[in-house]
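Since the structure comes first, as structure tokens, the remarks are kept for the end.
The values are calculated or read from the model by the stated rules, or taken from the named source; none is laboratory data. All values derive from a computational prediction rather than experimental measurement. Here the Cβ is made from the backbone with ideal geometry for all residues, glycine too, and neighbour counts use every protein chain on show. The protein model used for the area step is the full one, side chains on, heavy atoms only, and it has no ligands, DNA or RNA in it. Shrake-Rupley method; radii C 1.70, N 1.55, O 1.52, S 1.80 Å.
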Amino acid sequence: MENGIKEKNIDLDSSIKVKITQTSHVQPKKKIGRRECQLITFDLPYLGFFYNQKLLIYKANSDDFEEIVKKLKEGMSAVLEEFYQLAGKLGRDDDGVFKVMYDDDMDGVEVLDAIVEVNHDGVMVSVDELSSKDEFTVMKDLVPYNGILNLEGLQRPLLAIQFTKLRDGLAIGLAFNHAVLDGSATWHFMSSWAELCNGAQSISKLPVLDRVKVRPTRVSLEIPDAPPQPDLIAAAAAAPKLREKLFKFSGAAIEKIKAAHNDVGPTNGTTAPAGPPFSTFQALSSHLWRAVTEARELKPEEPTVFTIFADCRKRVDPPMPESYFGNLIQAIFTGTAAGLLLGHPPEFAAGMVKAAIGAHDNVAIDKRCKEWEDKPIIFQYKDAGMNCVAVGSSPRFKVYDVDFGFGKPERVRSGANNRFDGMVYLYPEKDGEKGIDVEISLETKAMDNLERDKKFLMDGEVV
């Protein structure tokens, strides 16, 4: 580890500040040598996105903060022996093909130690106070690399972590380079790290690091080494103001939504391309899509798109194991006019989602890949579709099982990066029941409307 000291005050809001007290780097515990791995068609489109951020908030004895962080860094060093790509950087070969590079002389993972300073009442913020916040803005600087593009992985570490001391616990903020891994790989890494911190001699599921097994096509990209940050900043300043909010759907609420979508006649006048039975995801997707569309007050003829960033590990041929490390997701789209969406019963929207997911087989995946390889573009938010609702993450990810030896997290959230109008993140309910936490980012007026929608909130069952 290379250690340095710096101090930096970061405003979280008018009364809370965080001080970065130490910056260090963690490398794999053993020497690995030089390794390279080509980025493939599933990885490259995300170079224009920002680092993918996660925040986990834990209760712990604050007097043990330094010892806990030491243990976490030791576990990190051990887990990087298998996940060494996260300790490397992006590179390009002479043909302009991007790759992940690792060598023992690289810095490794960037680690920040921090502390939440006392507020005007002389009190540090607590775990419960942070966990109860709906909007992420107040917490965004508990996570590193805000506003940092994945393309900057050419010069920066591919993973940055911030450990922040709270009054009665700690916050672990992480920023992963999204051009290197998706959600499934992220939580595989997190669970493996936790295993080693709990005393395991080795991780239970080794990552599959060879990406070209999925798709060997070499794609050359003409991208400037310096990211166009001023353009992004100007665009962000001109964009409509967004609000984000966490809605908690209990297991009972989820079951009611699912039953309402499935308790229909054979046709019920619905002309959707697929009928019941509808899964929990399909029913909840319909509920969200319809509610957001209504909250936006779209004209009947205006288009609206539902986008799913779907895991393709089991869809490609041959299928890849869950332990495949990299991006193996593709965006699945379906859409219609706002008037048609809201003029039909709820199962119409659920049927559209079901049909789109069902049609996305290996043939469709291969076709999409070939189209992109013939004319490669770097994804932007607008590519998610007009008036979109775009779903990322998954309630199947066992995010609340990430226990490093001092208990499970009290709250898991996505960071401020990669939020745009209509972006939705789904997480399982904390207590292991069948509830789902839904993080939504919307323009302010639409969010205000959504918060007043009794049908969406199921007359108080959703909080």
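Could you give the length gained by full extension between Arg167 and Glu322, i.e. 0.36 nm per residue of separation minus their alpha carbon distance, to one decimal place? Can you show the working numbers first?
Details: separation 155, 0.36 × 155 = 55.80 nm, distance 3.74 nm.
Working it through step by step, the gained length comes to 52.1 nm.
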Worksheet, complete the sentence: In degrees, nearest 10, the alpha-carbon axis of helix 229-238 is tilted away from the dominant principal axis of the alpha carbons of the chain by 40
Worksheet item: Any idea of the accessible area per residue across the chain, 1.4 Å probe, to the nearest Å²?
Response: 43
Worksheet entry | Computed label-point distance, nm, for sites Val118 and Phe333 using a 7 Å Cα→Cβ extension | 5.5
Discussion item. Would any residue of the range 53-83 have its amide N under 16 Å from a label point 7 Å out along Cα→Cβ of Asp107? List them or say none.
Written reply: none
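Students often get this wrong, so check it: of Lys258/Lys455; Lys19/Lys133; Lys133/Lys430; Lys213/Lys314; Lys89/Lys314; Lys29/Lys70, which have C-alpha atoms separated by over 18 Å?
Values: Lys258/Lys455 14 Å; Lys19/Lys133 20 Å; Lys133/Lys430 15 Å; Lys213/Lys314 14 Å; Lys89/Lys314 28 Å; Lys29/Lys70 14 Å.
Over 18 Å Cα-Cα: Lys19/Lys133; Lys89/Lys314.
Please label the shape of the range 98-230 as rounded, prolate or oblate, based on the square roots a ≥ b ≥ c of the eigenvalues of the alpha-carbon gyration tensor (a/c under 1.5 means rounded; beyond that, a/b larger than b/c means prolate, else oblate).
Oblate.
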Worksheet item: What does the charge add up to near Ser286, with Lys and Arg as +1, Asp and Glu as -1, over the other residues with Cβ less than 14 Å from its Cβ?
Response: +2
Discussion item. Taking amide H atoms as placed 1.01 Å from N in the peptide plane, list the residues 5 or more away in sequence, or in a different chain, whose amide H sits under 5 Å from that of Ala390.
Written reply: Thr307, Met423, Val424
Worksheet entry | In nm, spacing of pseudo-spin labels at Lys454 and Asn262 (7 Å Cα→C-beta vector) | 2.8
Discussion item. What do you get for the angle between helix 251-262 and the principal long axis of the chain? Use alpha-carbon atoms, 0 to 90 degrees, nearest ten.
Written reply: 40
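Tell me, what is the FRET efficiency for Lys314 and Ala355 to the nearest 0.05, using R0 = 22 angstrom and their Cβ-Cβ distance as r? Please report the intermediate quantities before stating the final value.
Numbers: r = 18 Å, r/R0 = 0.84.
Between Lys314 and Ala355 the formula returns 0.75.
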Discussion item. What does the extension gain come out to for Ser279 and Phe420, with contour length at 0.36 nm per residue minus their alpha carbon separation?
Written reply: 48.1 nm
Discussion item. Rounded, prolate or oblate, given the Cα gyration tensor of the range 18-198, with a/c below 1.5 counting as rounded?
Written reply: prolate
Discussion item. Using a 1.4 Å probe on the protein heavy atoms, what percent of the accessible area of the chain belongs to carbon and sulfur?
Written reply: 51
Worksheet entry | Matching label, volume of the Cα convex hull per residue in Å³ computed from the structure shown, candidates (1) 161; (2) 151; (3) 143 | (2)
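Once R0 is set to 41 Å, what does the formula 1/(1 + (r/R0)^6) return for the Cβ-Cβ distance between Asp374 and Asp128, expressed as a FRET efficiency to the nearest 0.05? Spell out each step's value before the answer.
Working: r = 53 Å, r/R0 = 1.28.
Computed FRET efficiency for Asp374 and Asp128: 0.20.
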Fill in: the chain: angle of helix 183-197 to the longest principal axis, Cα-based, in degrees nearest 10
40
Discussion item. Given R₀ = 45 Å, what would the calculated FRET efficiency be for Gln201 paired with Thr137, taking r from the Cβ atoms and rounding to 0.05?
Written reply: 0.60
Discussion item. Under a crude label model (7 Å from the Cα following the beta-carbon direction), how far is Thr21 from Glu66 in nanometres?
Written reply: 0.8
